[in-house]
Every structure is written in C-alpha cells, then in structure tokens.
1. Quick one: Karplus J couplings for the range 202-211, per residue in order, coefficients 6.51, -1.76, 1.60, θ = phi - 60°, nearest Hz, x for Gly and Pro?
2. Amide H of SER87 versus every other amide H placed in the peptide plane: which residues, excluding those fewer than 5 positions away on the same chain, fall under 5 Å?
3. Taking amide H atoms as placed 1.01 Å from N in the peptide plane, list the residues 5 or more away in sequence, or in a different chain, whose amide H sits under 5 Å from that of LEU214.
4. How much accessible area does ASP245 have with a 1.4 Å probe, in Å² rounded to the nearest 10?
5. As a test of reading the structure, rank ARG86, ARG179, ARG154 by solvent-accessible area (1.4 Å probe, protein chains only), most first.
6. How much length would be gained if the chain were fully extended between ARG210 and GLU159, taking 0.36 nm per residue of separation minus their Cα-Cα distance, in nm to one decimal?
7. Which ³J(HN,Hα) values, rounded to whole Hz and listed in residue order, are derived for the range 82-93 from phi using the Karplus coefficients 6.51, -1.76 and 1.60 in 6.51 cos²θ - 1.76 cosθ + 1.60 with θ = phi - 60°, glycine and proline given as x?
8. Report ³J(HN,Hα) in whole Hz for each residue of the range 154-159, in order, from the Karplus equation J = 6.51 cos²θ - 1.76 cosθ + 1.60 where θ = phi - 60°; Gly and Pro get x.
Amino acid sequence: MDRVLLRRYLRQFADLGVDEICLDAMSAAEAVAVLTNAPTVLTNAPAARTNAPAAQTPPVGEAANRLSVLADTAAGCTLCGLHTTRSTVVFGEGSPSADVVVVGEAPGQEEDRTGRPFVGRAGRLLDLMLASAGFPRAEVYICNVLKCRPPDNRNPLPEEVRPCTTNFLHGQLEAISPRVLLAVGKFAAQALLDSQEAIGRLRGSVHTYRDTPLVVTYHPAYLLRSPQMARVAWQDFQLVRKVLDEQA
Ligand code: URA
C-alpha cells in the first residue's frame with residue numbers, strides 16, 4: 001500500500017477514535033517503519049487481489065438494468081409505514097459487477113438526506129476498513145436491509161424488514177451475484193441468514209446466503225462506540241479478503 005495513503009488512513013482511523021487496526025499487504029515491520037504517532041499494528045495478512053471473472057456473474061449491463069428497475073420501484077414504495085417519514089429512498093450504490101456486497105441495517109439521518117448509503121461517521125469508518133483491507137468503496141456495492149430511515153434511527157421492525165428484503169434486497173443480491181457478502185450489524189446478519197443468533201456468535205466464520213459465502217461483522221456505528229472491538233472486526237474484513245482470494 002502506498003505510504004502516504006497508509007498514513008492518511010491511519011490518521012483518519014485515529015480521528016474516528018479507533019486506535020488499533022490490522023494491515024494487509026504490508027509486513028508489520030514495514031508498517032512500523034513508516035508510522036509515527038499512528039495506531040498500533042496488530043497483524044499483517046498479505047493477500048493478492050483477484051480480478052478473475054466470476055463464472056456465473058450476470059453481465060454488467062443486465063445487472064445494472066435489473067438494479068435500475070428495482071431502484072425505480074423502491075423509489076415509489078409504500079409497503080410499510082416508513083414511506084410516510086422518509087425524505088429519500090436509499091436504495092444502494094456501487095458497482096453492479098462488484099465481487100463484494102456490503103449490507104447494513106438502514107439509512108440514518110445523513111443517508112436519508114443524501115439518498116446514499118453509509119455516508120455519515122459510521123460510513124467513513126466502513127470506507128476506511130474496506131479500503132485498508134483492499135476494497136475501495138468504488139469497487140464494492142453497498143446497501144441496507146431497509147431502504148428507508150426508521151424515525152430517530154430506531155431498530156427495524158419485522159413488518160418493515162419483511163417487505164423490504166422480499167421486494168428489494170434479495171433482488172439486488174441476485175442481480176449483482178457477488179462472490180462474497182459482508183453483513184454489518186445484527187439486523188443485516190439475521191435478515192440474510194434468517195437467524196436469531198447473536199452477532200458475537202455469527203461473526204468469525206463463513207456462512208452461506210443462497211450459495212454465496214457470507215461474513216458477519218459488527219456495525220461500524222457500534223465500533224465507533226466500542227473502538228476496542230475494531231480489532232475483532234478487522235479479522236472479519238480479513239476473512240472477506242481470504243474468502244475472495246480463495247476463489248481465484
Ligand atoms: N447505518 C446503516 O446501517 N446504514 C447506513 O446506510 C448508514 C448507517
């Protein structure tokens with residue numbers, strides 16, 4: 001990784017209150033040599049990025065078209081009560097041919113205002129963790145279980161999750177057909193795995209969502225409140241990397 005970029009990442013992590021991270025593509029000794037006043041380097045896990053084409057990935061144009069049809073439908077959705085309080089439907093964004101799809105919980109205030117997923121403080125941390133594990137935001141696809149913001153960011157209700165996943169999330173994932181899924185937070189993990197298991201028990205292993213490997217990690221908003229958990233979350237991002245590289 002470029003040293004200037006690395007320093008910038010680390011400063012941003014530190015600004016967000018995360019004081020320990022892992023680094024890939026660089027030995028610990030190498031990283032320590034370039035860092036001053038930076039977070040502690042915990043581990044390194046060098047891994048080559050694979051750009052091998054997926055055998056069953058739909059053509060990009062077809063995926064983009066399917067996403068666009070779904071997004072148009074979502075824009076006018078009134079299937080649950082959230083349509084009365086939302087400002088904008090936050091459908092999702094990113095590459096229709098992404099190898100990695102990140103699924104979060106629901107839009108927050110900033111996302112509701114801008115129409116883009118994960119653009120607030122939690123989004124900055126997500127971007128950093130993705131980028132420093134070798135997944136620049138532009139190369140992944142990011143969406144949420146719910147496409148509309150619950151008032152005051154309350155937890156999603158089952159009667160909101162059900163229509164939103166049935167009508168939009170499953171279709172998005174089918175259109176993109178990623179090589180690996182990353183579920184961030186309890187609601188994404190439980191919705192995709194149809195499970196009631198606690199996130200602490202779901203993370204750390206590779207699950208399967210409709211034949212696609214799925215890794216679970218903590219929600220970045222939780223990591224901002226509990227920065228000591230960033231170390232564990234880092235292992236999850238490295239697991240995504242590993243799952244992808246093993247498909248090369
Ligand atoms: N939290 C989420 O789960 N999703 C967003 O888009 C923003 C914050």
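1. 7, 6, x, 9, 9, 9, 10, 10, 6, 6
2. The answer is ARG149.
3. For LEU214, whose amide H was placed from the backbone, the distant partners under 5 Å are LEU181, HIS207, THR208, TYR209.
4. Number for this one is 40 Å².
5. Correct descending sequence by accessible area is ARG154, ARG86, ARG179.
6. Gain on extension, ARG210 to GLU159, equals 16.1 nm.
7. 5, 5, 7, 10, 6, 9, 9, 7, 9, 6, x, 7
8. 5, 5, x, 9, x, 6
The values are calculated or read from the model by the stated rules, or taken from the named source; none is laboratory data. Bear in mind the structure is a predicted one, so any value in this text is a computation, not a measurement. When we count neighbours, we look across all protein chains shown, and the Cβ atoms used for this are built from the backbone with ideal geometry, even at glycine. Accessible surface is based on the protein model in full, side chains and every heavy atom, while ligands, DNA and RNA are left aside. Shrake-Rupley method; radii C 1.70, N 1.55, O 1.52, S 1.80 Å.
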